[in-house]
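Below you'll find the structure, written out as structure tokens, and then a few comments.
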Amino acid sequence: MMNRRKFIRTGVLGLAGLSVLQPGVANVNFSLPMNMLVDRVKLGKTGLTVSRIAMGTGTTGYNKASNQTRLGMDGFVKLAHHAYERGIRFYDMADGYGSMPFVGKAVKTLPRENVTLLTKMWTHEDGSDKIEPVSANIDRYRKELGSDYIDILLMHCMMEGNWAETRKHYMDGFSKAKQDGLVKAVGVSCHNIDALAEAAVNPWVDVIMARINPFGAVMDGTPEEIKKILATAKANGKGVIGMKIFGEGRHVADDEREQSIRFALTEGNIHCMTLGLESVAQMDDAIERVMRNTNL
């Protein structure tokens with residue numbers, strides 16, 4: 001079984017379920033058939049239509065950096081443009097990853113109406129603006145992205161079930177931005193089962209980002225528990241984005257990747273998924289697997 005470090009180093013490529021595990025494969029451009037493009041799906045009742053895969057930009061993300069930004073600006077832009085060419089028109093960011101300026105540079109030459117930009121704001125339990133006011137943060141985000149508006153803005157990493165009380169200050173700021181047309185949809189990313197259960201029924205929430213995989217790795221409950229909550233969220237019209245599809249890199253052997261993608265698409269109760277891909281080869285592998293399993 002291959003560990004995550006080796007997966008990242010080699011940039012595994014899977015075509016028709018096969019893996020090529022050779023040094024340097026991450027630097028090779030593999031071509032999939034042009035009809036092997038990521039499709040688009042409606043994101044709940046948000047009114048947004050997004051690519052089924054979002055390009056995640058927060059692998060080992062902390063302190064304003066991530067494995068994606070550590071590729072350097074040129075490397076990041078090349079990967080982001082490859083994503084676009086393969087139909088991935090959805091970019092998942094966070095202030096804590098430092099990825100917004102990178103995505104901003106990557107999408108500068110792309111039609112804005114063709115891409116979906118999602119970012120996340122760190123919040124504090126006491127409801128305070130520890131660094132910048134909510135409105136100032138949103139203005140900075142838009143400047144870093146080079147965009148007048150943000151498609152989806154989430155409160156980052158909810159780890160308790162009473163976030164609607166402790167984060168009301170932020171929620172009001174997000175709602176004001178939505179009212180002003182600066183943000184199209186708002187919501188939360190969850191790292192706790194109580195936080196997730198609250199998000200599934202809270203009318204303020206348009207979009208939920210939730211951890212889901214068949215192994216229960218780095219999740220907030222068992223796969224069955226999370227599936228049930230996400231079914232409730234979907235029934236309530238929430239847009240549901242799956243994350244940690246490979247258990248934060250703990251399950252990346254060929255058969256595990258296949259199992260994870262199939263589970264997410266057929267059982268996970270999600271509309272789409274974000275994948276923290278770090279090479280062209282990893283991206284092509286994921287696209288092939290997702291599109292092959294989409295209509296099962």
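Rounded to the nearest 10 degrees, the inclination of helix 223-235 to the longest alpha-carbon principal axis of the chain is 60 degrees. Near the amide H of residue 276, within less than 5 Å, lie the amide hydrogens of 56, all on another chain or at least 5 residues away, with H placed in the peptide plane.
The label-point distance for residue 218 and residue 255, in a model that sets each label 7 Å from Cα toward Cβ, rounds to 2.3 nm. Straight-line cross-link reach from residue 108 at under 18 Å between alpha-carbon atoms covers these aspartates and glutamates, not counting any fewer than eight positions away in the same chain: 74, 85, 92, 139, 144, 148, 151. Just report the Cα centroid separation between the range 160-214 and the range 222-296, whole Å. Cα centroid of the range 160-214 versus Cα centroid of the range 222-296: 21 Å apart. Here the chain is treated with +1 on each Lys and Arg Cβ and -1 on each Asp and Glu Cβ, and its dipole about the Cα centre works out to around 560 debye.
Seen through its C-alpha gyration tensor, with square-root eigenvalues sorted a ≥ b ≥ c, the range 58-171 comes out prolate because a/c lies at 1.5 or above while a/b is bigger than b/c. In straight-distance terms, cross-link reach from residue 176 covers every one of the lysines whose alpha-carbon lies under 25 Å from its own, apart from those fewer than eight places away in the same chain; here that gives 42, 45, 120, 130, 143, 168, 184, 234, 238.
Of all DSSP-defined beta bridges confined to the chain, some 20% are antiparallel rather than parallel. Rounded to the nearest 10 degrees, the angle from helix 168-179 to the longest Cα principal axis of the chain is 80 degrees. Taking all protein chains together and rolling a 1.4 Å probe, residue 204 ends up with roughly 40 Å² accessible. Between 215, 192, 73, whose Cα lies farthest towards the positive end of the dipole of the chain when Lys and Arg beta carbons carry +1 and Asp and Glu beta carbons carry -1, centred on the Cα centre? So the residue we want is 73. Cα centroids of the range 130-149 and the range 61-113: 17 Å apart. Only Cα pairs under 8 Å and 6+ residues apart enter the sum, and on that basis the relative contact order of the chain stands at 24 percent. Please list, by residue number, every one of the trypsin sites (Lys or Arg not before Pro) in the range 198-255 that is coil in DSSP and has at most 15 other beta-carbon atoms within 10 Å. Counting only loop positions with at most 15 other Cβ atoms within 10 Å, the trypsin sites (Lys or Arg not before Pro) in the range 198-255 are 250.
Residue 150 contributes about 0 Å² of solvent-accessible surface, heavy atoms of the protein only, 1.4 Å probe.
The values are calculated or read from the model by the stated rules, or taken from the named source; none is laboratory data. Just so you know, these numbers come straight off a predicted model, no measurement behind them. Positions of Cβ are generated from backbone atoms using ideal geometry, with glycine treated the same way; all protein chains shown enter the neighbour counts. All accessible areas refer to the heavy atoms of the entire protein, side chains included, with ligands and DNA or RNA removed. Shrake-Rupley method; radii C 1.70, N 1.55, O 1.52, S 1.80 Å.
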